[in-house]
1. Any idea which residue in the range A:260-286 is surrounded by the fewest Cβ atoms within 10 Å (Cβ to Cβ), counting only those that are free of Cβ contacts under 8 Å to residues at least 40 places away in the same chain and more than 16 Å from residue A:107 (Cα to Cα)?
2. State yes or no: is residue B:83 among the hydrophobic types (A, V, I, L, M, F, W, C) and within 14 Å of chain A (Cβ to nearest Cβ)?
3. Just a yes or no: is a residue in the range A:163-175 among the small types (Gly, Ala, Ser), surrounded by fewer than 17 Cβ atoms within 10 Å (Cβ to Cβ) and not in a strand (DSSP E or B)?
4. Kindly indicate the residue of the range B:46-79 that is in contact with a strand residue (DSSP E or B) (Cβ under 8 Å, 6 or more places away or on another chain) and either among the polar types (S, T, N, Q) or free of Cβ contacts under 8 Å to residues at least 40 places away in the same chain (or both) and also farthest from the other protein chains (Cβ to nearest Cβ) among those meeting that condition.
5. Can you find a residue that is part of a loop (DSSP other than H, G, I, E, B) and in contact with a helix residue (DSSP H, G or I) (Cβ under 9 Å, 6 or more places away or on another chain) anywhere in the range A:208-217?
6. Would you be able to tell me the number of residues in the range A:240-272 that are assigned to a helix (DSSP H, G or I), away from chain B (no Cβ under 12 Å) and at pLDDT 95 or above?
7. Output the number of residues of the range A:186-207 satisfying the condition of being in a strand (DSSP E or B) and of a type in the set (Asp, Glu).
Amino acid sequence: MRHVFSVRIGPVGFRIGSDWRAPIAHLESLYAGYPAPQGGVPDFNVRLFAARPWRRFVRPAVMIGGDFVLPEAAPLPLAQGLLAAEMAMNLQMALGQRHYLLLHASVVERDGRALLMTGISGAGKSTLAALLGARGWRLMGDEFALVDPETGAIHAFPRLVSLKNDAIGVVEAGVPDGRFGPLLAGTPKGDIRHLVPDSAALAAMDRPAIPALILFPRFGFEPAERDVLPSEVFVRLTQASTNYVALGERGFEALTRIVKTVPARAIDYPDTESAIAQVEALWAAL
Amino acid sequence: MPDCLYRMARPEDVRVVHLDSFMAVYHRSSGLTHLITAPAPEILVTLGEAGMTFNALRESLADAYELGDLDDAALTARLDELVSAGLVSTA
């Protein structure tokens, strides 16, 4: 392809090719400081391409391709090329990752122990991870927790933190020193802006952590907490995993180990300050 | 099939993990995970590898567990489900 960028995020290498320069320029800027894939060989290839040759120039629309594709994926306008690249990279992970059990969760770490936060879109897992990352926690990722089936450890996948709609202003205010990507307005997911993980997150991204607490946050409710039984955790994490079935018995062993050994709590919170206070209190009580 | 012998699947065919009142069972040949609750775990534990007839199972369950209104029809339905999932075999 005309323009190419390669990067390693945690243990996973990507090679992104594009018909256009602009998405690659954004990636080069925002992923500056990230290493190249191990041995120069990526785990996944991503392609951003024009559906027809003239669509490189006339109302340019970015189609998403790569090792793994969704046939019904709709193209995005070139102005949202960065989003297309990020979506394509996530898609490769969701459909193709076989080394790790993937949980759709954000992860932060302190003292070698990981806090996993998972929930439906809008639960606030990216927002909370970004804010905790600015308050003494190490950001390990806002999208996927990578569970090593052999050890049970969580590997970091600190890609750009994807902030949507109201979360953008909250994190801009809460992380005033943060480096942000361009505002992508009017995407299929609403307004999106990416936060670049800080230097501490990058420096430690090859250091796994032992899972210590699983949270199921829910935004928009009065503060409340409850224990979550292992059977419910098991069901919710199978639903939060994109490759549990594909991993077969390795996935079963990895997931049941987490469920049996890591405490889980559901928390409701009305605002992020309340959530952070709840998180800190729960962590201190471990 | 009153004289039919029911057996829990062999250990090499399933992986069982107990989770509070549920039992997570991974069935190796199908690759399916089953999350089962009363009376299914009790049925599996009671049958064991040696297995037993329907009547013996009903009596053993009644002796060992408080399973409420588990009548013959309900027990037959649960056994049929376990057989179709590959967690119980018949001979």
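The values are calculated or read from the model by the stated rules, or taken from the named source; none is laboratory data. Predicted, not measured: the structure shown is a model, and the values here were computed from it. Because the Cβ atoms are built from the backbone with ideal geometry, glycine has one as well, and the counts that use them run over all protein chains shown.
1. Residues of the range A:260-286 free of Cβ contacts under 8 Å to residues at least 40 places away in the same chain: A:260, A:271, A:273, A:277, A:280-281, A:284-285.
Then keep just the ones that are more than 16 Å from residue A:107 (Cα to Cα); that gives A:260, A:271, A:273, A:277, A:281, A:284-285.
On the way: A:260: 15, A:271: 12, A:273: 11, A:277: 12, A:281: 11, A:284: 7, A:285: 9.
The selected residue is A:284.
2. No: the conditions fail for residue B:83.
3. Just the residues of the range A:163-175 that are among the small types (Gly, Ala, Ser), to begin with: A:167, A:169, A:173-174.
Among the residues that remain, those that are also surrounded by fewer than 17 Cβ atoms within 10 Å (Cβ to Cβ) are: A:169, A:173.
Cutting the leftovers down to not in a strand (DSSP E or B) gives us A:169, A:173.
Yes, the range A:163-175 contains a residue that is among the small types (Gly, Ala, Ser), surrounded by fewer than 17 Cβ atoms within 10 Å (Cβ to Cβ) and not in a strand (DSSP E or B).
4. Narrowing the range B:46-79 to residues in contact with a strand residue (DSSP E or B) (Cβ under 8 Å, 6 or more places away or on another chain): B:46-54, B:57, B:60, B:79.
Now restrict to residues that are either among the polar types (S, T, N, Q) or free of Cβ contacts under 8 Å to residues at least 40 places away in the same chain (or both): B:46, B:53, B:60.
Numbers: B:46: 21, B:53: 31, B:60: 25 Å.
Looking at the filtered set, the residue picked out is B:53.
5. If we filter the range A:208-217 for residues that are part of a loop (DSSP other than H, G, I, E, B), which is where we start, we get A:208.
After this cut, where a residue has to be in contact with a helix residue (DSSP H, G or I) (Cβ under 9 Å, 6 or more places away or on another chain) as well, the list is none.
For the range A:208-217, residues part of a loop (DSSP other than H, G, I, E, B) and in contact with a helix residue (DSSP H, G or I) (Cβ under 9 Å, 6 or more places away or on another chain): absent.
6. Of the residues in the range A:240-272, 1 are assigned to a helix (DSSP H, G or I), away from chain B (no Cβ under 12 Å) and at pLDDT 95 or above.
7. Within the range A:186-207, the subset in a strand (DSSP E or B) is A:186-187, A:190-196.
Still in the list and also of a type in the set (Asp, Glu): A:191.
The number of residues fulfilling the criteria is 1.
Listed here are the residues, each with its yes/no results for (1) part of a helix (DSSP H, G or I); (2) aromatic (Phe, Trp, Tyr); (3) surrounded by fewer than 16 Cβ atoms within 10 Å (Cβ to Cβ); (4) over 22 Å from the mean Cα position of the chain (by Cα).
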position	(1), (2), (3), (4)
A:24	yes, no, no, no
A:39	yes, no, yes, yes
A:42	no, no, no, no
A:48	no, no, no, no
A:54	yes, yes, yes, yes
